[in-house]
Amino acid sequence: MKKKVKVCLIGCGRAGMIHAKSYAGNVKNAELAALCDPVAENLKSAQEEVEVPYIYTDYKEVMKNDEIDAVIVVTPTKFHHEIVLAAANAGKHVFCEKPMAVDEKECDDMIQACRQNGVKLQLGFMRRFDKNFRRGKELIDSGEVGTVTSLRSNTHGPSEPKEWMFDVRNSYGPLGEVNSHDFDTLRWYAGCEVKKIHAIGHNFRSPEVKDRYPEYYDTCAVLLEFENGIVGTISGAQYVKYGYDSRAEILGTNGIVKVGTQKAYDVETVTEQQKTVSDSVNSWRTLFREAYVAEANSFIESIINDTEPEVTGHDGKMALRLVNAGLKSLLEKRPVELEP
């Protein structure tokens, strides 16, 4: 392998530029060498933020460039399958953002293509690289709080839903938009797969769309039963007004671990009204900035050292399975058993 792994970002929207900035001097042994996006406005904006030698509007042209060693796929989900297969067949390593694909069959195709072509496939679950969430996993593995009995994770996001998000059979709603990270976190913490899932949800913050989108929900609660008996709970919400909120709890027989914070700073103000005030985190881009850099470094290290990525295609497939099963449970108003 070359001294520097040359990377192309495919998809230069808001999420894509998080990765671009991570690779712009922060990732050891890697170089952001190309940008690709079919939308001229996205490409122009990206070029103003980072300088690269190659610019593309068609990802197929990226695959012809032998200087590119790896691609970062941050496009709409429906394009992941074709881009990842093209990259694998061109011998390029792949980092793919979540959700991995449209369905599990596409996930299997992507995993197989990367395996057959001898390239790495890593999925974008950055919480596994956040120092707080990693510390939670270390404490589980060390037995610090005894045997784990239950796990809790929440993601509440402040963004106002776009029109396409109201059709939950395509967008999945919060279960796919925000809670896929929670599904992955709890699988990681539990160390096994989910046996049963039960999800409920309602639309509280966008009542004006209830007639057109009666299935839309902006708030949900999910109950999980893992194969090893651990109980998991997830809280999801979109369009909250108090900031971005991502936290977890690990309850064991000998104690509890609380992971994450809602505070933007470890500072509080106490006023003469005897009220305590602290600033809230406003975005996932702020909260997980360092995690994205650590995630990118881990991907590059797996390429250079020829090791298994820390977050695999299987992890991406299992998270998608839970999103689909959760939506089925929510829409059909019943628990859903998952196949082993």
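A few comments on the model shown:
- Residue within segment 167-179 that is modelled with pLDDT of 95 or more and open to solvent by 30 Å² or more (accessible area, probe 1.4 Å) present: yes
- One residue stands out in segment 1-12 among those that are in a loop (DSSP other than H, G, I, E, B) and more than 19 Å from the chain's Cα centre (by Cα): the one that is nearest to Met126 (Cα to Cα), namely Lys4.
- Scanning segment 258-269 for residues that are in a strand (DSSP E or B) and open to solvent by 80 Å² or more (accessible area, probe 1.4 Å) yields a single hit, Lys258.
- Residue list for segment 236-257, filter: surrounded by 13 or more Cβ atoms within 10 Å (Cβ to Cβ), more than 16 Å from the chain's Cα centre (by Cα) and not hydrophobic (A, V, I, L, M, F, W, C): Tyr239, Gly243, Glu249, Gly252
- Taken across segment 150-163, residues that are free of Cβ contacts under 8 Å to residues at least 40 places away in the same chain and surrounded by fewer than 18 Cβ atoms within 10 Å (Cβ to Cβ) do occur, with at least one present.
- Here Ile72 fits the description: open to solvent by less than 60 Å² (accessible area, probe 1.4 Å), part of a strand (DSSP E or B), under 23 Å from Glu177 (Cβ atoms) and of a type in the set (A, V, I, L, M, F, W, C).
- For segment 286-294, the count of residues that are surrounded by 13 or more Cβ atoms within 10 Å (Cβ to Cβ), in contact with a strand residue (DSSP E or B) (Cβ under 8 Å, 6 or more places away or on another chain) and of a type outside the set (A, V, I, L, M, F, W, C) is zero.
- Some residue of segment 43-53 being part of a strand (DSSP E or B) and over 17 Å from the mean Cα position of the chain (by Cα): no
- Among residues of segment 199-209, those that are open to solvent by less than 70 Å² (accessible area, probe 1.4 Å) and either in a strand (DSSP E or B) or closer than 13 Å to Leu330 by Cβ (or both), counted: 3
- So Ile140, is it open to solvent by less than 40 Å² (accessible area, probe 1.4 Å) and farther than 27 Å from Thr155 by Cα: no
- Every residue from segment 210-222 that is surrounded by fewer than 16 Cβ atoms within 10 Å (Cβ to Cβ) and touching a residue at least 24 places away in the same chain (Cβ under 8 Å): Arg212, Glu215
- Hey, Met126 of a type outside the set (Phe, Trp, Tyr), open to solvent by less than 10 Å² (accessible area, probe 1.4 Å) and under 24 Å from Glu339 (Cα atoms) or not: no
- Those residues of segment 242-282 which are out of contact with any strand residue (DSSP E or B) (no Cβ under 9 Å at 6 or more places or on another chain) and within 23 Å of Lys21 (Cβ to Cβ), in sequence order: Tyr265, Asn282
- Unique residue being not in a loop (DSSP other than H, G, I, E, B) and not aliphatic (A, V, I, L, M) when the list is Glu301, Glu272, Glu310: Glu301
- Residue, farthest from Leu9 (Cα to Cα), within segment 77-89, restricted to residues that are hydrophobic (A, V, I, L, M, F, W, C) and either open to solvent by 40 Å² or more (accessible area, probe 1.4 Å) or in contact (Cβ under 8 Å) with a residue 60 or more places away in the chain (or both): Leu85
- The set of residues from segment 56-76 being free of Cβ contacts under 8 Å to residues at least 60 places away in the same chain and farther than 13 Å from Pro38 by Cα comprises Met63, Lys64, Asn65, Asp66.
- Qualifying residue in segment 321-339 (condition: open to solvent by 70 Å² or more (accessible area, probe 1.4 Å), assigned to a strand (DSSP E or B) and at pLDDT below 95): no
- Pair list, Cβ < 7 Å and 6+ apart or interchain, from segment 38-52 residues that are closer than 13 Å to Gly16 by Cα to residues that are modelled with pLDDT under 95 and open to solvent by less than 50 Å² (accessible area, probe 1.4 Å): Asn42/Gly13
- Residues in segment 13-42 that are in a loop (DSSP other than H, G, I, E, B) and over 17 Å from Arg289 (Cα atoms) were compared, and the one that is most open to solvent (accessible area, probe 1.4 Å) is Pro38.
The values are calculated or read from the model by the stated rules, or taken from the named source; none is laboratory data. Keep in mind the model is a prediction, meaning the values are calculated, not measured. Glycine also receives a Cβ, built like all others from the backbone with ideal geometry; neighbour counts cover every protein chain displayed. Note: areas computed on protein heavy atoms with side chains; ligands, DNA, RNA excluded. Shrake-Rupley method; radii C 1.70, N 1.55, O 1.52, S 1.80 Å.
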